């Protein structure tokens, strides 16, 4: 008995079953960021618009996340002024030569119990065979800010 061959299933009409609604929203936000970046003019105009977008995104956050993001923004700008603020998946990030070095993710974004400050693989933090790439944040102390400032400075070099 012959079996009728089934046509191949299309993957284009299938939804991303493995992603949450929040993750899909972040990906869509990233696509919008890339389109907006491609439309802008001069490098100076892009940098000014990117920083304004980061500041606006921080202003939209809930109070606890906003306070940490504002402090992190100031610490990063002071510690590594060559890092350029930009949005990355809808969250504040800081890049060198267009490559994200570090980023902040609010607790609210993915309904997490803590915010996250992390580093990408472009960060110059390699030590031994293992090192941390992200930190959970519930609040920032002056000591935390000093430690983060030192890490960001090292990561940007």
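Coordinate-derived values only; no laboratory data. Everything quoted here is computed from the prediction, not taken from an experiment. Cβ placement follows ideal geometry from the backbone for every residue including glycine, while neighbour counts extend to all protein chains displayed.
Selection over the stretch 135-157 of residues that are part of a helix (DSSP H, G or I), loosely packed, with under 14 Cβ neighbours inside 10 Å and touching a residue at least 60 places away in the same chain (Cβ under 8 Å) gives a count of 1. When the criteria are applied in full, residue 69 fails the requirement of being part of a helix (DSSP H, G or I) and out of contact with any helix residue (DSSP H, G or I) (no Cβ under 7 Å at 6 or more places or on another chain).
Restricting the stretch 56-78 to residues that are more than 22 Å from residue 147 (Cβ to Cβ) and free of Cβ contacts under 8 Å to residues at least 24 places away in the same chain, the residue that is surrounded by the fewest Cβ atoms within 10 Å (Cβ to Cβ) is 63. From the list 92, 132, 85, 81, which one is under 21 Å from residue 46 (Cα atoms), part of a loop (DSSP other than H, G, I, E, B) and free of Cβ contacts under 8 Å to residues at least 60 places away in the same chain? After applying the criteria, what remains is 81.
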